[in-house]
Amino acid sequence: MRKISKIAVLTSGGDAPGMNPCIRAVVRTAIYNKLEVVGIRQGYQGLIDNNMYEMNTRSVSNILNLGGTILKTARCLPFRTDEGMETAYNNLKAQGIDGIVVIGGDGTFTGALRFSQRFPDIAVMGVPGTIDNDLYGSTYTLGFDTATNTVIEAIDKIRDTADAHDRLFFIEVMGRDSGAIALRAGISCGAEAILLPERATAIDDLIESLKAGQFNKKSSSIVIVAEGDKSGGVYDLAERVRGQVKFYDIKVTILGHLQRGGSPSAFDRILGSRLGFAAVNALIAGKSQMMVGLEANHIKLTTLEEALTQHQFKLEDDLMQMSEILSI
Ligand code: F6P
């Protein structure tokens, strides 16, 4: 069995609330197990630039409540090249690092898998960190819960003003190709319609349902549009509906990057702690090329290969059906 004595930790791709609790758990679990631990700044870019520092228990004090990531993050193109990976490998070897925890989404895992296939002597463990909740092998990813709550808070506020003015709002939320945030926020805010990449919405049906809402004396309407929805984008949609739904004044809001920030929720603090703890224990147990996830409230290991190839996260059919019925 491979023996691990020094590990590194990095965050990569879009930041997500919960990354800091996870870094804290990685550092403290490593130190508890008498491993040395090194923080890599700016994700894979820091591996290439040799931007690393030794961490101790105090390096991660008072970070549980912080959004973003104390290690910083980046989307790093050079790591996709053979040259970039080789430089990263040489830097890790020079430091005597034999295991690495990578916290991020599918882009991060693609890099991690390629790297560890090429350099298998460095063990790699992935932690799903993305607000998009789109990774196979974990029911929830780090940051999804906080981002959804942030979206709910924002939409509740928009509802207040929409209601005061009898307005219809089209609100775009993040999620890349996943409608996970849109669906849960939509149910939580009683959105009149939720447009998702996972299902096609006919514009005529949308218009009919908005007209029905007005007939049923709704004084405002909220249509949540996931950014990956294929109906043509939130502005285009609003224009197409404007000509047909005359009774509401129509406005558009794109929530944007505010969805990625903020103090992690209790759920994300605990999830980050559990996954960071599990990631280090998996490395100590000799595992590599895997991702730690949470399924049915238990830690589960999935190969990075499987996490990536089974990538499409399926939204729950019952939630999709229910969302339509409850918003009439
Ligand atoms: O993957 C997280 C995410 O916030 C997606 O929801 C969004 O599409 C993307 O990142 C935005 O990326 P960037 O911050 O690089 O513009």
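Table: residues versus (1) open to solvent by 30 Å² or more (accessible area, probe 1.4 Å); (2) under 24 Å from Ile181 (Cβ atoms); (3) within 16 Å of the ligand (Cβ to nearest atom).
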| residue | (1), (2), (3) |
| --- | --- |
| Ile97 | no, no, no |
| Phe119 | no, no, no |
| Ala123 | no, no, no |
| Gly129 | no, yes, yes |
| Ala147 | no, yes, yes |
| Thr161 | yes, yes, no |
Which numbered condition Val225 misses (of (1) of a type in the set (A, V, I, L, M, F, W, C); (2) within 16 Å of the ligand (Cβ to nearest atom); (3) in a helix (DSSP H, G or I)) = (3)
Those residues of the stretch 166-192 which are surrounded by fewer than 22 Cβ atoms within 10 Å (Cβ to Cβ) and either of a type in the set (A, V, I, L, M) or within 13 Å of the ligand (Cβ to nearest atom) (or both) amount to Arg176, Asp177, Ile187
Expected output for the stretch 202-216 (first residue closer than 15 Å to Gly243 by Cβ, partner assigned to a helix (DSSP H, G or I) and open to solvent by less than 40 Å² (accessible area, probe 1.4 Å), Cβ below 9 Å, 6+ apart or cross-chain) is Ile203/Leu237; Ile203/Val241; Leu206/Leu237; Leu206/Val241; Ile207/Val241; Leu210/Val241
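Kindly indicate which of Thr73, Thr108, Thr57, Thr87 is within 16 Å of the ligand (Cβ to nearest atom) and open to solvent by 10 Å² or more (accessible area, probe 1.4 Å).
Values: Thr108 fails: open to solvent by 10 Å² or more (accessible area, probe 1.4 Å); Thr57 fails: within 16 Å of the ligand (Cβ to nearest atom); Thr87 fails: within 16 Å of the ligand (Cβ to nearest atom).
Answer to the selection: Thr73.
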Restricting attention to the stretch 234-252, report how many residues are in contact with a strand residue (DSSP E or B) (Cβ under 7 Å, 6 or more places away or on another chain) and either open to solvent by less than 90 Å² (accessible area, probe 1.4 Å) or basic (Lys, Arg) (or both).
-> 11
Quickly run through the stretch 30-54 and pick out the residues that are open to solvent by 40 Å² or more (accessible area, probe 1.4 Å) and either on the phi < 0 side of the Ramachandran plot or not basic (Lys, Arg) (or both).
-> Ile31, Tyr32, Asn33, Glu36, Arg41, Gln42, Gln45, Asp49, Asn50, Asn51, Tyr53, Glu54
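Take the residues in the stretch 233-252 that are away from the ligand (no atom under 16 Å from the Cβ) and of a type in the set (A, V, I, L, M); name whichever of them is modelled with the lowest pLDDT.
First, the residues of the stretch 233-252 that are away from the ligand (no atom under 16 Å from the Cβ): 235-252.
Imposing the further condition that a residue be of a type in the set (A, V, I, L, M) reduces the set to 237-238, 241, 245, 250, 252.
Values: Leu237: 95, Ala238: 95, Val241: 94, Val245: 87, Ile250: 96, Val252: 98.
Here the answer is Val245.
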If you go through the stretch 1-54, how many residues are within 16 Å of the ligand (Cβ to nearest atom) and in a loop (DSSP other than H, G, I, E, B)?
-> 8
For residues that are within 17 Å of Gly175 (Cα to Cα) and open to solvent by 30 Å² or more (accessible area, probe 1.4 Å), scanning just the stretch 253-271, find the one that is farthest from the ligand (Cβ to nearest atom).
-> Thr253
List every residue pair whose Cβ atoms lie under 7 Å apart, where the two residues are 6 or more positions apart in sequence or sit on different chains, the first residue falls within the stretch 275-287 and is open to solvent by less than 30 Å² (accessible area, probe 1.4 Å), and the second residue, located anywhere, is charged (D, E, K, R) and not in a helix (DSSP H, G or I).
-> Gly286/Arg2
Restrict the check to the stretch 301-318 and report whether at least one residue is polar (S, T, N, Q) and either within 24 Å of Ile270 (Cα to Cα) or in a strand (DSSP E or B) (or both).
-> yes
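Sort out for me the strands (runs of 3 or more DSSP E) sitting completely within the stretch 88-176 that have 1 or more residues that are in contact (Cβ under 8 Å) with a residue 40 or more places away in the chain, closer than 23 Å to Leu77 by Cα and touching a Leu at 6+ places or on another chain (Cβ under 9 Å).
Details: elements: 99-104, 123-128, 167-173.
The strands (runs of 3 or more DSSP E) meeting that bar are 99-104, 123-128.
The values are calculated or read from the model by the stated rules, or taken from the named source; none is laboratory data. On a predicted model such as this, the values are computed, not experimentally measured, just so you know. All Cβ positions, even for glycine, are placed from backbone atoms using ideal geometry, and neighbour counts span all protein chains on display. Just the protein is used for accessible areas: all its heavy atoms, side chains included, with ligands, DNA and RNA removed. Shrake-Rupley method; radii C 1.70, N 1.55, O 1.52, S 1.80 Å.
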